[in-house]
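Working notes, structure below.
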Amino acid sequence: MKDIIVIGGGWAGCAAAISAKKAGAKVTLLERTDLLLGLGNVGGLTRNNGRYTAAEESILLGGRELFEITDRLSRHKNVDFPGHKHASIYDVNFIESAVRRKLQEMEIDILFYTTAKNVEKENQKIKSLILDDGNKITGDCFIETTGSTGPMNNCHKYGNGCAMCILRCPTFGGRVSITEKCGIKDVMGKRNDGTYGSFSGSVKINKETLSKELQERLNREGVVIIPLSSEEKNLEKLNIKICQHYALDAFSENIILLDTGHAKLMAPFYPIEKLRKIKGFEDAKFEDPYSGGVANSIRHLSIAPRENTMKVKEIENLFVAGEKSGFHIGHTEAIVTGYLAGHNSVRNALDMPLIELPNSLAIGDFISFSNQKMYEKDGDKLKFTFAGSVYFERMKAANLYSIDHKKLHGRVEKTGLLNMYDEKLC
């Protein structure tokens, strides 16, 4: 049996752990905090626009477990809001415990309160990770899914200070880049003005602090759109947010709320004194980040150079997924790259050929296209998601976007990769 070590317990890390376990490996997941899913604990959106296609492709490839959980815990399904169709919105209050139970049922070892601080290498191969308590952990292959947010000094340097978000760096310490510890230079994303990093694109309001009318509308419809006066509109915020698929005029001309269990407000931050002047928001209080009136977490600061198999270039036994693997946005994007990284890590440990998903699949095309584009001129200013912006337009132009299950089944079947992630390799 091969030992696979996953570093980081967000959506990508959980998908990688599940995939490697299904392939027959012994899997240990390291998580620096006391919760899995990271920013997934305050997210909530799946299946909007091309994410529906990607989710269905992943399920057909055998990467179904996490999508089954998000579907089961969706408060609302088939929701439309500006620029987005057929979204599902999962309940952020229950998602982490459900994913945790799934990993425990699969006998994946989870080490909470554990940060990998450094590596021991031999030539271009990692031999062990050095943990924050001084102990070492060895493995045959390693998967880094630590994300691209923080640590705290980066949110000060490139943002408006520590926003006190769900990542809780002051308590648990900041992200450590394993690729950089291996001597690999990470790539940093930029905003349109050349500033490094991007603000997370939403803040969460305690739903019970909204008016009864707004609460009832959110609970019933899943989305509430409130037009703003000319004085309240702010187009500038569209340029700083990571979520360019929400950087539409409608998001500056209206307050758009989604019901994730919290009230998800689609803006990187919103001054609370201005917010409370709007009808229904008189008592509003931020749930995440706590400083959502002035700041948010800064992301896309640590992207590893990789191959389309998700293996890191120049390191023989290190893989990446999620935001660590590109200027990606979203839970679906993290999950689908995580499943591939986990599966290929076991193949690597067994000296088997690695799988590169073909461009006839939206997932394969997304992985290769985002990898290619980020090294082109101004590619460090691009953001990639199945839900909108540059990649969703490509999906539609290439006829990759579909919500037809029969068509998608035929597409995956034609590649010969149907249920690939269910195959036990060792």
(message) Please report the spacing between the Cα centers of the stretch 274-306 and the stretch 1-58 in Å, no decimals.
(response) 24
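Out of the DSSP beta bridges found with both residues in the chain, what percent are antiparallel (nearest 5)?
Roughly 65 percent of the DSSP beta bridges within the chain come out antiparallel.
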(message) Beyond a 20 Å Cα-Cα separation, which of these cross-linked pairs lie in this structure: Lys157/Lys277; Lys26/Lys424; Lys181/Lys313; Lys157/Lys373?
(response) Lys157/Lys277; Lys157/Lys373
(request) Step through the residues of the stretch 130-135 one at a time and calculate ³J(HN,Hα) from phi using the Karplus curve (6.51 cos²θ - 1.76 cosθ + 1.60, θ = phi - 60°), rounding each to whole Hz and writing x for Gly and Pro. (result) 9, 8, 5, 8, x, 6
(request) Please list, or write none, the aspartates and glutamates whose alpha carbon is within less than 16 Å of the alpha carbon of Lys127, excluding same-chain residues fewer than 8 places away. (result) Asp3, Asp140, Glu144, Glu180, Glu314, Glu316
(message) Please list, by residue number, every one of the trypsin sites (Lys or Arg not before Pro) in the stretch 310-414 that is coil in DSSP and has at most 12 other beta-carbon atoms within 10 Å.
(response) Lys313, Lys377
(message) Per DSSP helix of 4 or more residues, -39500 (n - 2.57); summed, then divided by the residues of the chain. What does that give at 222 nm, rounded to the nearest 500?
(response) -8500 deg cm²/dmol
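Using the per-residue mean of other Cβ atoms lying within 10 Å as a proxy for protection, in what order, highest first, do the peptides 158-166, 1-9, 175-183 fall?
The most tightly packed comes first, giving 1-9, 158-166, 175-183.
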(request) Quick one: check the C-alpha center-to-center distance for the stretch 81-116 versus the stretch 161-234, whole angstrom. (result) 18
(message) For a 32 Å ceiling on Cα separation, which of these pairs sit above it: Lys77/Lys406; Lys85/Lys117; Lys77/Lys383?
(response) Lys85/Lys117
(message) Taking the alpha-carbon distance from Lys377 and a cut-off under 16 Å, which aspartates and glutamates remain once sequence neighbours fewer than 8 residues away in the same chain are dropped?
(response) Asp193
(message) Apply the Karplus curve 6.51 cos²θ - 1.76 cosθ + 1.60, θ = phi - 60°, to the phi angles in the stretch 354-368 and return the couplings in whole Hz, x for Gly and Pro.
(response) 7, 8, 10, 5, x, 6, 6, 9, 4, 5, x, 5, 4, 5, 6
(request) Find the relative contact order for the chain and round it to a whole percent, using C-alpha pairs within less than 8 Å whose residues are 6+ positions apart. (result) 25
(message) List the aspartates and glutamates whose Cα sits under 13 Å from the Cα of Lys285, skipping any in the same chain fewer than 8 residues away.
(response) Glu208, Glu273
(message) Out of the GluC sites (Glu not before Pro) in the stretch 249-284, which ones are loop residues according to DSSP with at most 14 other C-beta atoms within 10 Å?
(response) Glu282
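Laboratory data are not the source of any read-out in this text; all were calculated from the coordinates shown. What you see is a predicted model; the values in this text were computed from it and never measured. For neighbour counting, all protein chains shown are included, and Cβ atoms are generated from backbone atoms with ideal geometry for every residue, glycine included.
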